[in-house]
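S.K.: Submitted below is the structure of interest, expressed as structure tokens.
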Amino acid sequence: MKRKLRSGLSASLLAVAACAALHSPYSLAARDAQTILKETCQGCHTPEADNALSRISHQRKTPEGWLMTIARMQTMHGLQISDDDRRTLVKYLADTQGLAPSETDGVRYALERRLNTVEKFDDQTSQMCGRCHSGARVALQRRPAQEWERLVNFHLGQWPSLEYQALARDRDWFDIARKEMVPLLAKRYPLDNPAWKKWQSVAPKSAALVGNWSFSGHLPGKGELAGVMTVSADGSDTFKISVKGQYADGTPFNGDGSAILYTGYEWRGNVTIDGVTMRQVFAVQGNAMQGRMFEAEHDERGLDFVAAKQGSNRLLAVQPGYLKVGSETEVTLIGSGLTGKPDFGKGVEVVEVVEQSPERITVKLKAAANAQPGLRNVSVGSLKGPTLSVYGTIAEVKVVPEFSVSRIGEGGGSTPKVQGRFDAEAWGKGADGKPYRIGVFPAQWKVEAFDDRAKEDEDVKFAGTMQADTGVFTPGDAGPNPQRKMSTNNAGNLKVIAAVDDAGKSLTGEGHMIVTVQRWNNPPIP
Ligand code: HEC
Ligand code: HEC
């Protein structure tokens with residue numbers, strides 16, 4: 001087995017190239033996975049009973065997880081493997097040693113690259129395991145105790161300085177990891193799980209995905225969109241797709257691309273929309289798909305996406321999802337198999353059906369002057385799901401995300417800027433006194449110094465520019481700035497302020513944004 005390390009191959013570059021690979025079809029002429037395992041991995045991984053290989057056969061993970069492991073074999077252990085073989089192997093391992101849909105519940109944000117997520121794990125797990133990478137990276141794996149222990153050993157062996165870092169030098173990290181974390185992880189994330197066995201027997205065939213999918217989405221800073229995604233077969237578990245849609249403001253959202261299905265539900269697509277490459281990370285659940293679609297080069301620019309297969313019956317969304325007491329507005333329902341008259345609950349009257357097809361119904365609605373503020377369940381025939389918010393006045397405005405990170409970039413360097421993208425969410429107070437979400441409102445945006453330090457350093461002036469109408473923040477250039485004190489870079493600590501107009505009254509909400517330096521290491525799972 002060749003052990004020579006490839007010089008000049010940076011781990012982060014490999015990770016980026018590898019991530020793109022996950023979304024593009026692999027060559028059909030490729031060697032089969034068993035041959036690759038034998039000829040490429042077996043040099044270091046010992047054969048075991050039942051056609052198994054040491055380490056490899058005792059773990060389950062996502063396609064991204066397998067990709068990262070194999071990429072590590074390349075960068076750290078000198079594994080030589082072609083891109084085609086790696087794709088074949090990732091597909092095979094994700095299919096045969098993947099996670100059941102339920103095993104990814106609650107941590108899909110990491111796969112969907114929602115990097116502003118504030119994670120919720122217990123303190124011990126966050127401090128021991130969630131300080132270098134996301135807790136989701138841990139939660140998206142399944143292993144027996146022995147494999148969790150080897151992972152701990154590998155961590156310390158590979159990065160011995162971890163014991164001297166914050167949150168390790170104040171405790172016996174290795175001892176706690178072995179004696180407390182390993183049993184906990186083996187119990188919480190076990191290799192053997194009935195959910196996986198079950199999934200392997202019920203996972204649908206990919207032919208079931210071929211057809212037209214009606215979709216609805218929302219892009220922060222831009223608004224809602226809807227359309228149809230056409231999926232056609234292009235090999236086994238690989239597809240050609242074409243997307244035809246538009247934003248609520250009329251901007252087209254059209255493009256073509258391809259997708260791969262891993263593990264019977266992990267949909268990874270690559271679509272070019274108006275010249276911009278976007279990735280799709282969706283989970284397929286029967287006749288529905290859900291997830292996030294984001295720009296390949298700017299994963300902060302992404303939209304929440306739900307789709308329903310045409311021919312199935314599903315109500316996906318109401319756009320926009322709110323209506324003011326005593327007012328009239330046009331609302332569109334998006335879904336599949338929409339027949340019958342839509343109903344919006346008490347105090348909301350359908351004045352006119354403007355347009356109706358099985359995929360969309362546009363109606364003119366009127367909320368009575370005495371309609372009770374609060375959420376209404378929307379239905380079309382027997383289909384239910386989304387809600388409509390009826391409101392009188394806005395009680396509160398929230399900036400979403402409440403806490404976020406943007407990053408300086410460019411300035412002669414190779415790393416793009418990471419923008420801040422915000423929505424202003426209006427909240428009302430129900431008759432029961434409880435707050436309820438009304439929806440995303442247009443707002444006027446600005447940034448202010450977060451504290452005295454930021455004020456003194458003039459962070460507002462240097463850290464970047466907020467687009468007043470859209471809530472899109474573009475950070476400053478990377479590198480030292482001679483105009484700043486001690487020529488420091490354009491980092492900053494800012495308040496993000498949204499002002500929403502409610503019948504002449506301005507209400508503001510506030511978020512917090514750190515503008516920081518480039519992310520040099522950007523693996524598929526953060
Ligand atoms: C040159 C030797 C070498 C080759 C070739 C090699 N590995 Fe590894 N592998 C290692 C070493 C060393 C470790 C333990 C340290 C680590 O996890 O990085 C390991 C660990 C692993 C693990 C466990 C990782 C974990 O997180 O616990 C998996 C899975 C794995 N390898 C998969 C593969 C696959 C798949 C191939 C073939 C495509 C492969 N390896 C080829 C050396 C190799
Ligand atoms: C000192 C920083 C640090 C700490 C602390 C840390 N990790 Fe990691 N971990 C890493 C790095 C770096 C990698 C990436 C290796 C790679 O490139 O694949 C990694 C990779 C992983 C992987 C993916 C391995 C694979 O190939 O599948 C898992 C799972 C993981 N860590 C779990 C844990 C757990 C559990 C803990 C706590 C007991 C922990 N980590 C603590 C730095 C850390």
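The values are calculated or read from the model by the stated rules, or taken from the named source; none is laboratory data. Predicted model only: the values in this text are computed from it and were never measured. Note: ideal-geometry Cβ built from the backbone for every residue, glycine included; neighbour counts use all protein chains shown. We work out accessible area using only protein heavy atoms, side chains counted, and drop any ligands, DNA or RNA first. Shrake-Rupley method; radii C 1.70, N 1.55, O 1.52, S 1.80 Å.
S.K.: With the condition kept exactly as written, say whether any residue in the stretch 195-208 is part of a strand (DSSP E or B) and surrounded by 15 or more Cβ atoms within 10 Å (Cβ to Cβ).
M.R.: no
S.K.: What do you reckon, is R150 touching a residue at least 40 places away in the same chain (Cβ under 8 Å), basic (K, R), within 13 Å of ligand 2 (Cβ to nearest atom) and open to solvent by 20 Å² or more (accessible area, probe 1.4 Å)?
M.R.: So R150 passes the test.
S.K.: Follow-up. Check off (1) within 13 Å of K417 (Cα to Cα); (2) open to solvent by less than 20 Å² (accessible area, probe 1.4 Å) for G471 and give me the number that stays unchecked.
M.R.: (1) is the only condition that G471 fails.
S.K.: Under 6 Å between Cβ atoms, at least 6 apart or on separate chains: pull out the pairs that start in the stretch 193-220 with a residue that is assigned by TED's automatic domain parsing to the domain that holds F305 and free of Cβ contacts under 8 Å to residues at least 60 places away in the same chain and end on any residue that is among the aliphatic types (A, V, I, L, M) and open to solvent by 30 Å² or more (accessible area, probe 1.4 Å).
M.R.: V210/A233
Condition check ((1) among the hydroxyl-bearing types (S, T, Y); (2) modelled with pLDDT under 95; (3) closer than 15 Å to T263 by Cβ; (4) touching a Pro at 6+ places or on another chain (Cβ under 6 Å)) across all residues:
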site: T96; (1), (2), (3), (4): yes, no, yes, no
site: G106; (1), (2), (3), (4): no, no, no, no
site: E119; (1), (2), (3), (4): no, no, no, no
site: Q127; (1), (2), (3), (4): no, no, no, no
site: G130; (1), (2), (3), (4): no, no, no, no
site: Q141; (1), (2), (3), (4): no, no, yes, no
site: P144; (1), (2), (3), (4): no, no, no, no
site: E149; (1), (2), (3), (4): no, no, no, no
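S.K.: Among the residues in the stretch 347-359, are any out of contact with any Pro (no Cβ under 6 Å at 6 or more places or on another chain), in a loop (DSSP other than H, G, I, E, B) and free of Cβ contacts under 8 Å to residues at least 24 places away in the same chain?
M.R.: Checked against the condition, which is being out of contact with any Pro (no Cβ under 6 Å at 6 or more places or on another chain), in a loop (DSSP other than H, G, I, E, B) and free of Cβ contacts under 8 Å to residues at least 24 places away in the same chain, the stretch 347-359 yields at least one hit.
S.K.: Same structure, new question: Taking the stretch 175-193 as the search range and keeping residues that are assigned to a helix (DSSP H, G or I) and away from ligand 1 (no atom under 16 Å from the Cβ), which one is nearest to the chain's Cα centre (by Cα)?
M.R.: Looking at the filtered set, the residue picked out is R188.
S.K.: Would you check if there is a residue in the stretch 279-294 being in a strand (DSSP E or B) and in contact with a Ser or Thr (Cβ under 6 Å, 6 or more places away or on another chain)?
M.R.: Checking the stretch 279-294: not a single residue is in a strand (DSSP E or B) and in contact with a Ser or Thr (Cβ under 6 Å, 6 or more places away or on another chain).
S.K.: Of everything in the stretch 90-128, what is more than 12 Å from ligand 2 (Cβ to nearest atom) and polar (S, T, N, Q)? Give them in sequence order.
M.R.: T96, S102, T104, N116, T117
S.K.: Right, here's the next one. Quick test of your reading of the structure: Y189 fulfils all but one of (1) open to solvent by 60 Å² or more (accessible area, probe 1.4 Å); (2) near ligand 2 (Cβ under 10 Å from one of its atoms); (3) closer than 30 Å to W267 by Cα; (4) hydroxyl-bearing (S, T, Y). Name the failing condition by number.
M.R.: So Y189 meets the others, but not (1).
S.K.: Within the stretch 74-89, can you find the residues that are more than 12 Å from ligand 2 (Cβ to nearest atom) and either of a type outside the set (A, V, I, L, M, F, W, C) or closer than 14 Å to L22 by Cα (or both)?
M.R.: Selection gives G78, Q80, S82, D83, D84, D85, R86, R87, T88, L89.
S.K.: Can you tell me which condition R131 does not meet? The list is (1) under 28 Å from R292 (Cα atoms); (2) open to solvent by less than 60 Å² (accessible area, probe 1.4 Å); (3) near ligand 2 (Cβ under 9 Å from one of its atoms), and all the others hold.
M.R.: (2)
S.K.: Scan the stretch 159-172 for residues that are farther than 13 Å from T125 by Cβ and of a type in the set (A, V, I, L, M, F, W, C) and jot them down.
M.R.: Hits for the stretch 159-172 are W159, L162, A166, A168.
S.K.: Same structure again: Across the stretch 18-41, which residue is modelled with the lowest pLDDT among those that are assigned to a helix (DSSP H, G or I) and more than 16 Å from ligand 1 (Cβ to nearest atom)?
M.R.: Residue satisfying both the conditions and the ranking: C19.
S.K.: Here are the criteria: (1) touching a residue at least 24 places away in the same chain (Cβ under 8 Å); (2) within 10 Å of ligand 1 (Cβ to nearest atom); (3) farther than 27 Å from V202 by Cα. Tell me which single one T69 does not satisfy.
M.R.: For T69, the exception is condition (1).
S.K.: Quick one: count up the residues across the stretch 84-135 that are in a loop (DSSP other than H, G, I, E, B) and β-branched (V, I, T).
M.R.: Here the count works out to 3.
S.K.: Still on this structure, I have one more. Among the residues in the stretch 113-132, are any free of Cβ contacts under 8 Å to residues at least 60 places away in the same chain and within 20 Å of P63 (Cα to Cα)?
M.R.: Taking every residue of the stretch 113-132 in turn, none turns out to be free of Cβ contacts under 8 Å to residues at least 60 places away in the same chain and within 20 Å of P63 (Cα to Cα).
S.K.: Shifting gears a bit: What residue, among those in the stretch 407-426 that are among the polar types (S, T, N, Q) and open to solvent by less than 30 Å² (accessible area, probe 1.4 Å), is farthest from R301 (Cα to Cα)?
M.R.: Checked the stretch 407-426; the qualifying residue farthest from R301 (Cα to Cα) is T415.
S.K.: Quick one: would you say R169 is over 27 Å from the mean Cα position of the chain (by Cα) and either open to solvent by 40 Å² or more (accessible area, probe 1.4 Å) or within 16 Å of ligand 1 (Cβ to nearest atom) (or both)?
M.R.: It is true that R169 is over 27 Å from the mean Cα position of the chain (by Cα) and either open to solvent by 40 Å² or more (accessible area, probe 1.4 Å) or within 16 Å of ligand 1 (Cβ to nearest atom) (or both).
S.K.: Can S242 be described as crowded, with 19+ Cβ neighbours inside 10 Å and not aliphatic (A, V, I, L, M)?
M.R.: Answer is no for this residue.
S.K.: Right, something else. Answer yes if at least one residue in the stretch 53-73 is more than 16 Å from ligand 2 (Cβ to nearest atom), open to solvent by 50 Å² or more (accessible area, probe 1.4 Å) and part of a loop (DSSP other than H, G, I, E, B), and no otherwise.
M.R.: No, the stretch 53-73 contains no residue that is more than 16 Å from ligand 2 (Cβ to nearest atom), open to solvent by 50 Å² or more (accessible area, probe 1.4 Å) and part of a loop (DSSP other than H, G, I, E, B).
S.K.: Restricting to the stretch 478-517, count the residues that are among the acidic types (D, E) and within 26 Å of the chain's Cα centre (by Cα).
M.R.: Of the residues in that region, 1 qualify.
S.K.: Condition test on V496, is it within 30 Å of I438 (Cβ to Cβ), in the same structural domain as S414 (by TED's automatic domain parsing) and open to solvent by less than 30 Å² (accessible area, probe 1.4 Å)?
M.R.: Taking the combined requirement at face value, the residue satisfies it.
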